[in-house]
Every structure is written in C-alpha cells, then in structure tokens.
Amino acid sequence: MFRCVGSARLLPQAYFLGANFPNPFNPSTSIDYALPRSVIVRLAIYDVLGRKVKTLIDDDSHRAGFYTAVWDGRDDGGRSVSSGMYFYLLEAGPVRQARKMVLIK
C-alpha cells in the first residue's frame, strides 16, 4: 500500500513505528509503520512477561512504503487475550522498535 499524490509514489525517508490508535483499545487497534526500503519485517505482540502473543507481520521481502497493521486482541490461536498491557515490536532490517499498549475489556 503506497500513498499517492498524482502519479508520484511517496516513500518514507526513515523507519517509523507509530503509537497504536486507539490506546487503550477494545476491541481492536491500528499500528502505523513505515519502511524506507524493502527489508525483512517482523511485527509481533508480546505480553508483560515477554511471551509472544500474536505475529502480525512475518515477511521476508516487505516492500518500502507506509503501512497499517490491525490487532483484534486475539492470540495466534484465535483466542481473545485478557485485559492488560502489551508490547508490540517491529523488527525491520537494521531497526528494532517497541511500544506499549493497553487492552481494556
């Protein structure tokens, strides 16, 4: 997904991991991220004990551009997770960025 102005494609100049919105959230939240070049990308959700809850993105050749991932509050098995604090981690090429979010049921 690229944002277009006329016929020109806009590409980010730096890696970016935005704050999820809304936060706190229920039942889902959006996470914006940007990649200045094509790289291997992993975006995952972790609980406060550091256990992986959900893998949102696992792509060995993710194209450069602006993106939004959505988490619906479910784990990799499709089960709803409990209320609490969670962390999301973006690993993209040379970059590792993490942020926290809160799920309220």
### Message
Residues that are in a loop (DSSP other than H, G, I, E, B), among the hydrophobic types (A, V, I, L, M, F, W, C) and within 17 Å of M85 (Cβ to Cβ): does the range 24-47 have at least one?
### Response
no
## Note on the structure
When every residue in the range 68-86 that is of a type in the set (A, V, I, L, M, F, W, C) and surrounded by fewer than 13 Cβ atoms within 10 Å (Cβ to Cβ) is compared, the one nearest to L56 (Cα to Cα) is V70
#### Entry: the range 50-105, subset of a type in the set (S, T, N, Q) and either within 14 Å of the chain's Cα centre (by Cα) or not in a loop (DSSP other than H, G, I, E, B) (or both), residue nearest to L17 (Cα to Cα)
Q97
### Query
Is it true that some residue in the range 1-18 is under 30 Å from K105 (Cβ atoms), surrounded by 16 or more Cβ atoms within 10 Å (Cβ to Cβ) and in contact (Cβ under 8 Å) with a residue 40 or more places away in the chain?
yes
### Query
Is it true that R79 is on the phi < 0 side of the Ramachandran plot and touching a residue at least 12 places away in the same chain (Cβ under 8 Å)?
no
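Every number in this text was worked out from the coordinates using simple rules, so none of it is lab data. Given the structure is predicted, the values throughout are model-derived calculations rather than measurements. No Cβ is skipped: glycine too gets one built from the backbone with ideal geometry, and neighbour counts run over all protein chains shown.
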